[in-house]
Amino acid sequence: MEAIALPLNGLPKRLVDDGILEEESAREALDQANSSNTPFVSYLVTNNLASSTDIALAASAQFGAPVLDLAAFDKDLFPKDVVDIKLIRMHHTIPLFKRENRLYIAVSDPTNLRALDELTFHTGISTQAILVEEDKLSDTIAQLLEQDDDQMMNLDGLDDADLDGLDVAAVDEENGGDEDTSEVDEAPIVRFINKVLLDAIKMGASDIHFEPYEKIYRVRFRTDGILHERTRPPQNISARITVRLKVMSQMDISERRIPQDGRIKLKLSRSRSIDFRVNTLPTLWGEKIVLRILDPSSAQMGIDSLGYEPDQKDLFMKALHRPQGMILVTGPTGSGKTVSLYTGLNILNNDERNISTAEDPVEINLEGINQVNMNYKVGLDFAEALRAFLRQDPDIIMVGEIRDLTTAEVAVKAAQTGHLVLSTLHTNSAAETLTRLRNMGVPAFNIATSVSLIIAQRLARKLCEHCKEPITIPENTLLEEGFREEDLGELSIYTAVGCDKCNNGYKGRVGVYEVVPISDQLAEIIMSDGNSIQIAEQAHNVEGFNNLRQSGLLKIRQGVTTLEEINRVTKD
C-alpha cells in the first residue's frame with residue numbers, strides 16, 4: 001500500500017504555487033533539509049534550487065511581512081552581547097535591534113519558530129521576526145563569526161572551552177612517535193595559541209611567525225606566499241607564549257641561547273591531524289618561533305590541481321612511468337617542489353613498487369612509502385641513505401635535495417642502474433640545473449645519460465574569482481613584457497581588487513612551470529660542455545618548450561593571475 005503524500009503548506013506550498021519550485025522538488029528539499037537538520041530556506045539557496053530574492057518575496061506575500069534589505073542595515077546597531085554567538089550560528093538568525101522590551105530578529109524563514117522560542121528563553125526578552133534574504137543573512141552571520149574570531153585573537157575574554165580541549169601532542173623527532181605533553185601553562189595563553197593554530201589552518205597559511213621586539217610582539221601568517229600581520233598580543237606575555245610553544249613541541253625551555261627544532265601534532269578529528277614543524281631562533285629581544293604547517297592533504301591534491309599545462313603534464317607523467325632515469329625539480333625555497341615530488345610519488349605508490357625517500361626533514365607522512373629522516377649527528381646523510389636504499393631492492397628513490405658531489409654521484413648511479421630517482425636542486429631554471437650538476441663535478445656523460453626530465457617551478461597567487469576586474473594595459477607595454485603581437489587582439493588581462501572572500505584580491509596559489517625533457521640534441525650539448533645559454537636556446541627556441549616567463553604569461557592570458565604577480569615570481 002503506497003504512502004499518501006501529505007499536502008504541502010506554508011512557505012513550501014507558496015513556492016510551488018508561485019512556480020518557483022516543482023511540487024516534487026519542494027517535497028524532496030523539505031525531506032533533505034529535515035534529515036540534515038538544515039533550515040529549509042538555507043537548503044534551497046545552498047543547493048541553487050531557488051534564489052534568495054524569490055524566496056523572500058514569496059515569504060513576504062505568504063505571511064504579510066515586509067522584506068528588510070540587510071545589506072543596507074547599519075551593523076553598528078546590532079545589540080552587543082545580547083545573544084550568544086553560538087545561538088546565532090546554531091539557529092541561523094541575527095538580533096537586529098532592541099526596542100522597549102522586544103528584540104527584533106532577522107530570519108530568512110518566518111516559520112522558524114523554534115529559533116525565536118530559544119532566543120526568547122535565553123535572553124528573557126520577547127522576540128519578533130523580521131524577514132531578510134537568505135544570502136545576505138548568511139553573509140552577515142559569516143562576518144559576525146569572523147569578527148568574533150578576531151576578538152578571540154586577544155587574550156581578554158578567552159573562555160571557549162573547545163580551545164581548552166584541543167588535542168595537541170609533541171612529536172618525538174628521534175623516535176618518530178607522539179608523546180603527550182601534560183604540562184599546562186596559564187589557561188588564557190593555552191587558548192590563545194590554540195586559536196592562532198586553528199586560524200592559520202582555516203586561512204590556509206603555510207607558516208606562523210611569533211616575533212618579539214623591544215616594544216611590540218606580533219604574530220604573522222604567511223598566506224599564499226605573502227606574510228600578513230595577524231595580531232599583536234601584549235609584549236609582556238611574549239616569554240609565556242614562547243614557553244608554551246616550546247613545551248608543546250618538546251623543546252628544552254631552559255635553553256634560550258641556541259636554536260632548537262621540534263614538532264607539534266594537532267588532532268582536529270579522529271581522521272585528520274596537522275603537523276607543525278617548529279624552530280626557535282634567539283634574537284635581541286627574545287626567541288623568535290616559526291611554525292611550518294604540514295598539511296597531509298596538500299600531498300593528495302592530484303596533478304590536475306597543480307597548474308601544469310596539458311603538454312607539461314604529459315611530459316611529467318611519461319617521465320614518471322619510465323623504469324629508470326632521474327627527474328629533477330628545481331626552484332627557490334617555498335616554490336612547491338616538495339608538493340610536486342609527493343604528487344609524483346602518490347601517482348607511483350602501489351603494492352608492486354618499493355619506494356624509499358631520504359628527506360631533511362620528512363615533512364608529510366605518506367602511507368606505503370619508506371621515509372627516512374636525515375640525522376647528521378650519527379652520520380646519516382643523503383649519500384649514506386641512498387647507499388642503503390640501493391641494498392634494499394628499490395624501484396623508486398626520492399632524495400630531498402642534491403647538495404654535494406657525493407650525493408649527486410650516488411643518485412646518478414642509481415638512475416643508471418634501473419631505478420627511477422626523484423630529487424630537487426636550488427637553481428633558477430632548467431638549463432642552470434644541468435650546469436649546476438656539471439659544476440659540482442658530475443661528468444657530462446653521466447648527466448646526459450641519467451637525467452630524463454627537469455621541472456623548474458614557481459608559485460603565483462591566483463586571482464579571486466569573485467572580485468577580479470579587467471584592466472587595460474598599453475600594447476607597447478605588453479610587448480615589452482613578452483606578449484606576442486598575435487595574442488593582443490583577444491587578450492583580456494585582470495587585476496586584483498579585494499573582497500571579503502580573498503586576501504587583497506588573491507585566493508590560493510597556482511604553479512608556473514618550465515618542463516624540459518632531455519632530448520638527444522640537448523644531450524649532445526651537455527656532453528660537449530655547453531653552457532646554460534646554449535641549453536636554454538635549444539630547449540625553448542628550437543624544441544619549443546615554454547620557459548618560466550612564457551608559462552607565466554600563459555597564466556595571465558587564461559585570467560588565472562596578474563601581470564604584477566608573474567613579474568614578482570619570474571623576473572630576476
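The accessible-area ordering, largest first, of the residues C464, C499 stands as C499, C464, per a 1.4 angstrom probe. Within the chain, antiparallel bridges make up roughly 65 percent of the DSSP beta bridges whose residues both belong there. For the chain, a crude dipole built from +1 on the beta carbon of Lys and Arg and -1 on the beta carbon of Asp and Glu, taken about the Cα centre, is about 1160 debye to the nearest 20.
Surface exposure of segment 532-572, expressed per residue as accessible area with a 1.4 Å probe, stands at 47 Å².
Counting only heavy atoms of protein chains, what accessible area per residue, in Å², does segment 348-420 have with a probe of 1.4 Å? Don't skip to the answer; put the middle values down first.
Details: 3580 Å² over 73 residues.
Result: 49 Å² per residue.
A 1.4 Å probe run over the protein chains yields, for segment 181-330, 47 Å² of accessible area per residue, whole-number rounding. The phi torsions of segment 477-486, fed into the Karplus equation with coefficients 6.51, -1.76 and 1.60 and a -60° offset, translate into couplings of 5, 5, 5, 5, 6, x, 6, 8, 4, 5 Hz, rounded to whole numbers, with Gly and Pro shown as x.
Set the bar at 20 Å for Cα to Cα. Now go through K75/K195; K86/K501; K462/K571 and name every pair that lies beyond it. Long pairs (Cα-Cα over 20 Å): K75/K195; K86/K501. The residues M248, M90, M203, M440, sorted by heavy-atom accessible surface at 1.4 Å with ligands and nucleic acids left out, run M90, M203, M440, M248 from largest to smallest.
Within the assembled protein chains, the solvent-accessible surface assigned to K13 is about 90 Å², based on a 1.4 Å probe. On the accessible surface of segment 485-567, probed at 1.4 Å, how many percent belong to carbon and sulfur atoms? That share works out to 42 percent. Dipole orientation for segment 289-366: of the candidates F316, L291, M326, M326 has the Cα lying most toward the positive pole (charges on Cβ; Lys, Arg +1; Asp, Glu -1). Residues in segment 195-206 carry Karplus couplings, in order, of 5, 4, 4, 5, 5, 4, 5, 5, 7, x, 6, 9 Hz; the curve used is 6.51 cos²θ - 1.76 cosθ + 1.60 with θ = phi - 60°, and Gly or Pro positions show x.
Computed about its Cα centre, the charge dipole of segment 462-566 is approximately 640 debye, with only Lys, Arg, Asp and Glu carrying charge at their Cβ.
Residue by residue, segment 109-115 carries 3J(HN,Hα) couplings of 10, x, 8, 7, 5, 4, 5 Hz when phi is fed to the Karplus relation 6.51 cos²θ - 1.76 cosθ + 1.60 (θ = phi - 60°); x denotes Gly or Pro. When the surface is traced with a 1.4 Å probe over the full set of protein chains, I20 keeps roughly 50 Å² accessible. In this structure, the amide hydrogen of A205, modeled 1.01 Å from its nitrogen in the peptide plane, lies closer than 5 angstrom to no residue at least 5 positions away or on a different chain.
Once all protein chains are placed together, C502 keeps about 20 Å² accessible to a 1.4 angstrom probe.
The values are calculated or read from the model by the stated rules, or taken from the named source; none is laboratory data. Note that the structure is predicted; figures quoted are calculated from it, not measured. With ideal geometry, Cβ positions are generated from the backbone for all residues, glycine too; neighbour counts draw on all protein chains shown. Quick note on the areas: whole protein, heavy atoms, side chains included, nothing else; ligands and nucleic acids left out. Shrake-Rupley method; radii C 1.70, N 1.55, O 1.52, S 1.80 Å.
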